[in-house]
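*Asks:* Pasting a structure here, questions to come.
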Amino acid sequence: MNIALSEFAPLSTEIFVLTMACIILIIDVFVSDERRIISYVLSLATLLAAALISWNMLDNETAVVLNGTFVSDPMAALLKTSIFLITFGVFMYSRAYLVTRGIFRGEYYVLGLFAVLGMMVLVSAHNLLTIYLGLELLSLSLYALVAFNRDSAQASEAAMKYFVLGALASGMLLYGISMLYGATGSLDIAEITAALSASDEMGMIHIFALCFIVVGLAFKFGAVPFHMWVPDVYHGAPTPVTLFIGSAPKIAAFAMALRLLEQTLGGLAADWQDMLTILAVLSLAIGNVIAIAQTNIKRMLAYSTISHVGFLILGLIAANAEGYSAAMFYAITYALTATGGFGMIILLSRSGFEADQLDDFKGLNERSPWFALMMLILMFSMAGVPPTVGFYAKLSVLQAIIHVDMVWLAVVAVFFSIIGAFYYIRVVKLMYFDEPETEEPLHVSTDLQIVMSLNSLAVLGLGVFPGALLAVCAAVLVA
Amino acid sequence: MENVYLAIPLAPLFGAIVAGLFGKQIGRAGAHTVTILGVAVSFVLSLVVLKQFAVDGADPYNASVYTWMVSDGVRFEIGFLIDNLTALMITVVSFVSLMVHIYTIGYMHDDPGYQRFFSYIALFTFSMLMLVMSNNFLQLFFGWEAVGLVSYLLIGFWYKRPTAIYANLKAFLVNRVGDFGFLLGIGAIYMAFNSMDYATVFAAAPAMESASFEIFSGVEWSLLTVICIFLFIGAMGKSAQVPLHVWLPDSMEGPTPISALIHAATMVTAGIFMVARMSPLFELSETALSFVLVIGAITALFMGLLGVVQNDIKRVIAYSTLSQLGYMTVALGASAYAAGIFHLMTHAFFKALLFLAAGSVIIAMHHDQDIRNMGGLRKYMPITWFTSLIGSLALIGTPFFSGFYSKDTIIEAVHHSHLAGAGIAYWAVLIGVFITALYSFRMYFLVFHGKPRMDEHTREHLRETPWVVTVPLILLAIPSVLSGYLIDPVVFGDWFNGVLHVAPGHDVLGVIGEHYHGPLSFVLHALAGPAVYLAGAGVATAWYIYMKNPAIADNIAQRFRGLYTLLVNKYYADDFNEAVFAGGARNVGRLLWRVGDALIIDGLIVNGSARVVGWVASVVRQVQSGYLYHYAFSMIIGLLLLLFWFVFIAQRVGA
């Protein structure tokens, strides 16, 4: 098993992030609490540099290296860039929160970077074991992050639930992979595809494998009925961790779905299309309806995530380039919007006050018109109101499934989006038409103000000029 | 050049956003500085554009700068069509707007909503510029609605006054009627031409001349006539033509700078501009042109008459505006588009001047607007007096003033028109000249001459207003006199060649142009006609009745009691609308509300479905029990169901 040195070139981003994560880990041991900011700044610099490296790889040829376990293609470059940028925002949002609660420790950033590494491996996997490796690296980092605030019983409970259910889901995924290995004799994505297309009939083992793999995927996405962990973990975890779980990993999950379903099991498309249809309809229905009954905004956004996942899956159901690029656009823009939504909770919170109740948004316009406007943009984007980016995300997904003659599915999606619009617009109503419950002025640190404004304006800006990102999403799939 | 075109509307928008969102932070001076700078940038750039077209003879620019979306091959875009018409309009709009901005510093000096006001008027400037610079119907409609929105906000600017709320609601509702027609017109264009782009539509229009379609089965309608009349209904709302004129006099509840900017000089002329822009369509339908002509003539004459009996200084000018808009509409109907636009321009200057002068009087009178309480202000406010005199002379069409050239051209044009209704229209605009002179100088004499009739306290404090008020007056007085001399290129020259389209059979201005030999001979020619003498007679009558022998006014009012009551009640148009439309709508609404809304929709559909959703939500959330083993169990169940379904039910295996 000789590997030429040049084969490592496509891994340069991964190697860089890993090295930096280790360096930060070591440095963090030696810096005192007052100078913890060093770890923070180094993490941000790492992400920024990594984003630059992967953005430059966007035009590179597709390369499969390390004995077919790792692929570097334009799609991976685009998704990694988005993951870096969104994680960058997540880290910036988190600083103020962690500092005011006395948990501004290096672990958060180091674990975050390892989770990012896991996502990168997932995005670039070309072998079922690589996928599993990336998934576990991501998940284990996230479990630890949820429990990161050790003194909080709520967080520990959430971490425990997440861990146990996650282990169950991993087990199922692994079981599905093993069956696939049994059926085809390989773990390499290209070889499995070849084997599947060579056998002219699909046996029961293929369907079994597919079911287990779809369950593993659905858990990662948080699609109904494998969504139970989502509200509890979102609610229980410290808000910066919720912010992290709710944003970038959705992009990684999309990549995982694409690698597994389209690239590996493309031959079984008719079956997984049906399975995903069930998951999508259930997610849209349950997510949107139950969100209405929530009074805690973190839980509300958790159910909102479930419904958005339903929409994202619709794009996969179309099972063609148009659908995949729509789903990719949806994943990236949703991650951006969700970052802003959870970021706003951080922005409004202060020591001893989490601002995670809907009532805490009452009269925000009187306290700060600017941030009320920013939140309005985010809520409108989640509801899919033009000219925000959420409108185009929904539009392109709906277009994709209408083009494959699944109009009824589009009708279902629109129907539940209308129900969903209620709870987003309720937030707007609370902000603009209700009296504030507290007269306490907002104290927001400058970095938080900047990242919040940039985030919301990006949501608006991408909505006004959606063409470029749409084009990139379509281009990386063709390449 | 594209950047210049973009900067023209965006500079005021920037000012509006800054003054609106950060008004508190930047303070009063900051708000007026940033908005005035924005509009000043627009004005200067407009001059640059105007110079390019006027001096350098630039080619028209037509391109889109941003594609919003493409749906079924139809492009929804933001784009600019810059030609001679646009260049003229943006210069007039930004100039008047700039003057009003400066004036506002003085007029709104003590108002608590100072920053909000500046934000609104800058936003208005942006919307109006987008409207006139548009190269497609969608953007036109957006601009159209945006100016309507700002107008609504500004009429109700003093939102604690019940009359202001009533007025802005009324303006909003009446404009909805017009906008509904406008939207139908745009919809019909979209249906017929499958495009939103001016150039595409205009190019395809001649082929559609004889096209017809059925709205009701069995009745054939000429497509272009329907389109043009729908579009014109939009113009009737925005440009306040009978019977959709009722909102404009009430709009005077807004602050005076708004009356000048929006409800006299710019927004209300949007309808006129739109019809001129659509001349390639209107030229293809004589029916539509006749409709335009007759509506304009009715407005010009009958609205002028109402001005004679009003006592509120702003309302007199408001009715005058209605009447003048009628003149412009008549010009459009007679295919004398250039004359209509020319009158639009001169009117923008002298009417803005008159309004701002009225505002100056109102400031001095401590916000008393009743002209019966004024008199003799000439001594106290010399600049306001003199500029008002210039404005009034321009308005009534005194030779050598701007209004003379534009109005006389219209009268001549109608005289030469052969369309159905042109005969009536000619007499209407001719009598209108006398009426115009009568109400203008009635107001002028009552305000500036005769004995002071205000109370002691007010008179002691009478003095000329500060320079921020008087300078705009002077700056507007200049074009009020001189802009008439642009008649050479604008009306009889080739300024509008290739921009405004006139069918050969309708070319009335061409006929007049054959006998046109410069501004001076135009005056001499006019002296041979009746218009100038009618204006003189109007002034003389006003002088006799209101200065020489005041008792005669009451006498006439007594003698013609019926007519007087009719006029004072504004032909009962408001009462009619309130009783029939508002009352009728309320009754229908109440019925629908009781049966349809309260019972079916609210009771069953909305509350019912909301209750169902709420109930489902509260039940299903019970599943989210918090117990780990419940969650794990649901995952296993999910997996089993998937397996069961796809392995046994779907029967794909082995297929």
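The values are calculated or read from the model by the stated rules, or taken from the named source; none is laboratory data. Remember, it's a predicted structure, so these values are computed and weren't measured experimentally. Quick reminder, even Gly has a Cβ in these numbers, built from the backbone with ideal geometry, and neighbours come from all protein chains shown.
*Asks:* Can you tell me how many residues in region A:50-99 are charged (D, E, K, R) and touching a residue at least 60 places away in the same chain (Cβ under 8 Å)? I'd like the intermediate steps shown before the answer.
*Replies:* Taking region A:50-99 as the starting set, the residues that turn out to be charged (D, E, K, R) are A:59, A:61, A:73, A:80, A:95.
Filter again for touching a residue at least 60 places away in the same chain (Cβ under 8 Å), leaving A:73, A:80, A:95.
Residues that pass the stated criteria total 3.
*Asks:* When only residues in region B:614-625 that are more than 20 Å from residue A:159 (Cα to Cα) and either among the hydroxyl-bearing types (Ser, Thr, Tyr) or exposed (fewer than 11 other Cβ atoms within 10 Å of the Cβ) (or both) count, which is farthest from the chain's Cα centre (by Cα)?
*Replies:* Residue satisfying both the conditions and the ranking: B:622.
*Asks:* Let me ask another. Could you identify the single residue in A:269, A:291 that is within 14 Å of chain B (Cβ to nearest Cβ) and closer than 18 Å to residue A:226 by Cβ? Even if it seems obvious, please write down each step before you answer.
*Replies:* Details: A:269 fails: closer than 18 Å to residue A:226 by Cβ.
When all the criteria are applied, what remains is A:291.
*Asks:* Another question, then. Scan (1) surrounded by fewer than 22 Cβ atoms within 10 Å (Cβ to Cβ); (2) within 13 Å of residue B:409 (Cβ to Cβ); (3) at pLDDT 85 or above for the single condition residue B:507 breaks and write down its number.
*Replies:* Against the list (1) surrounded by fewer than 22 Cβ atoms within 10 Å (Cβ to Cβ); (2) within 13 Å of residue B:409 (Cβ to Cβ); (3) at pLDDT 85 or above, residue B:507 comes up short only on (2).
*Asks:* Given the structure, is residue A:68 modelled with pLDDT under 95 and on the phi > 0 side of the Ramachandran plot?
*Replies:* Spelling it out, residue A:68 is indeed modelled with pLDDT under 95 and on the phi > 0 side of the Ramachandran plot.
Listed here are the residues, each with its yes/no results for (1) in contact with a Gly (Cβ under 8 Å, 6 or more places away or on another chain); (2) exposed (fewer than 15 other Cβ atoms within 10 Å of the Cβ); (3) at pLDDT below 90.
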{"residue": "A:19", "(1), (2), (3)": "no, yes, no"}
{"residue": "A:32", "(1), (2), (3)": "no, yes, yes"}
{"residue": "A:49", "(1), (2), (3)": "no, no, no"}
{"residue": "A:73", "(1), (2), (3)": "no, no, no"}
{"residue": "A:77", "(1), (2), (3)": "no, no, no"}
{"residue": "A:87", "(1), (2), (3)": "yes, no, no"}
{"residue": "A:92", "(1), (2), (3)": "no, no, no"}
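*Asks:* Right, something else. Suppose the filter is assigned to a loop (DSSP other than H, G, I, E, B) and closer than 21 Å to residue A:306 by Cβ; does residue A:226 pass it? I'd like the intermediate steps shown before the answer.
*Replies:* Details: assigned to a loop (DSSP other than H, G, I, E, B): yes; closer than 21 Å to residue A:306 by Cβ: yes.
The answer is yes for residue A:226.
*Asks:* Related question: Within the group B:628, B:563, which residue is within 30 Å of residue A:159 (Cα to Cα) and at pLDDT 75 or above?
*Replies:* Numbers: B:563 fails: within 30 Å of residue A:159 (Cα to Cα).
When all the criteria are applied, what remains is B:628.
*Asks:* Across region A:320-369, what is the number of residues that are touching a Cys at 6+ places or on another chain (Cβ under 7 Å) and hydroxyl-bearing (Ser, Thr, Tyr)?
*Replies:* From region A:320-369, those touching a Cys at 6+ places or on another chain (Cβ under 7 Å) are A:325, A:328-329; that's our starting set.
Now narrow it down to the ones that are hydroxyl-bearing (Ser, Thr, Tyr): A:325.
Count: 1.
*Asks:* Additional query: I'd like to check something: does region B:597-609 contain any residue that is at negative phi, within 14 Å of another protein chain (Cβ to nearest Cβ), out of contact with any strand residue (DSSP E or B) (no Cβ under 7 Å at 6 or more places or on another chain) and not in a helix (DSSP H, G or I)?
*Replies:* Taking every residue of region B:597-609 in turn, none turns out to be at negative phi, within 14 Å of another protein chain (Cβ to nearest Cβ), out of contact with any strand residue (DSSP E or B) (no Cβ under 7 Å at 6 or more places or on another chain) and not in a helix (DSSP H, G or I).
*Asks:* Now, a different point. Restricting the search to region B:121-142, which residues are among the small types (Gly, Ala, Ser), in contact (Cβ under 8 Å) with a residue 40 or more places away in the chain and assigned to a helix (DSSP H, G or I)? Let's see the steps before the verdict.
*Replies:* Keep residues of region B:121-142 that are among the small types (Gly, Ala, Ser), which gives B:122, B:127, B:134.
Then drop every residue that is not in contact (Cβ under 8 Å) with a residue 40 or more places away in the chain, which leaves B:122, B:134.
Correct list: B:122 only.
Every residue, every condition in (1) modelled with pLDDT of 90 or more; (2) among the basic types (Lys, Arg); (3) within 23 Å of residue A:382 (Cβ to Cβ), yes or no:
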site: A:201; (1), (2), (3): no, no, no
site: A:210; (1), (2), (3): yes, no, no
site: A:216; (1), (2), (3): yes, no, no
site: A:222; (1), (2), (3): yes, no, yes
site: A:238; (1), (2), (3): yes, no, yes
site: A:252; (1), (2), (3): yes, no, yes
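*Asks:* Among the residues of region A:15-71, which ones are within 25 Å of residue A:4 (Cβ to Cβ) and assigned to a loop (DSSP other than H, G, I, E, B)?
*Replies:* A:57, A:58, A:59, A:60, A:61, A:62, A:66, A:67, A:68, A:69
*Asks:* Also, quick follow-up: From the list B:167, B:171, B:188, B:204, which residue is out of contact with any His (no Cβ under 8 Å at 6 or more places or on another chain), in a helix (DSSP H, G or I), of a type in the set (A, V, I, L, M) and closer than 20 Å to residue B:123 by Cα?
*Replies:* On the way: B:167 fails: closer than 20 Å to residue B:123 by Cα; B:188 fails: closer than 20 Å to residue B:123 by Cα; B:204 fails: closer than 20 Å to residue B:123 by Cα.
One residue alone meets the criteria, B:171.
Condition check ((1) away from every other protein chain (no Cβ under 14 Å); (2) within 30 Å of residue A:185 (Cβ to Cβ)) across all residues:
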| position | (1), (2) |
| --- | --- |
| A:216 | no, yes |
| A:227 | no, no |
| A:255 | yes, yes |
| A:284 | no, no |
| A:300 | no, no |
| A:304 | no, no |
| A:322 | yes, no |
| A:327 | yes, no |
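*Asks:* Scan region A:185-206 for residues that are buried (at least 23 other Cβ atoms within 10 Å of the Cβ) and within 12 Å of chain B (Cβ to nearest Cβ) and jot them down.
*Replies:* none
*Asks:* Right, next: Between a first residue in region B:444-460 that is loosely packed, with under 11 Cβ neighbours inside 10 Å and a second residue that is part of a loop (DSSP other than H, G, I, E, B), which pairs have beta carbons less than 9 Å apart while being 6 or more apart in sequence or on different chains?
*Replies:* B:451/B:375; B:451/B:376; B:457/B:366
*Asks:* Right, next: Tell me which residues, restricted to region B:243-273, are among the β-branched types (Val, Ile, Thr) and either in contact with a Ser or Thr (Cβ under 6 Å, 6 or more places away or on another chain) or surrounded by 24 or more Cβ atoms within 10 Å (Cβ to Cβ) (or both). Steps first, answer last, please.
*Replies:* Of the residues in region B:243-273, the ones among the β-branched types (Val, Ile, Thr) are B:246, B:256, B:258, B:262, B:266, B:268-269, B:272.
Across region B:243-273, the qualifying residues are B:256, B:258, B:262, B:266, B:268, B:269, B:272.
*Asks:* Follow-up. So which pairs qualify, if the first residue must be in region B:371-388 and in contact (Cβ under 8 Å) with a residue 40 or more places away in the chain, the second must be among the hydroxyl-bearing types (Ser, Thr, Tyr) and assigned to a loop (DSSP other than H, G, I, E, B), the Cβ gap must be under 8 Å, and the two must be at least 6 apart or on different chains?
*Replies:* Cβ pairs passing all conditions: B:381/B:465; B:384/B:465.
*Asks:* Could you count how many residues in region A:339-385 are at pLDDT 90 or above and of a type in the set (Gly, Ala, Ser)?
*Replies:* Looking only at that region, the number is 7.
*Asks:* Examine region B:166-181 for a residue that is closer than 26 Å to residue B:250 by Cβ and touching an Asp or Glu at 6+ places or on another chain (Cβ under 6 Å), and state whether such a residue exists.
*Replies:* Looking through region B:166-181, at least one residue is closer than 26 Å to residue B:250 by Cβ and touching an Asp or Glu at 6+ places or on another chain (Cβ under 6 Å).
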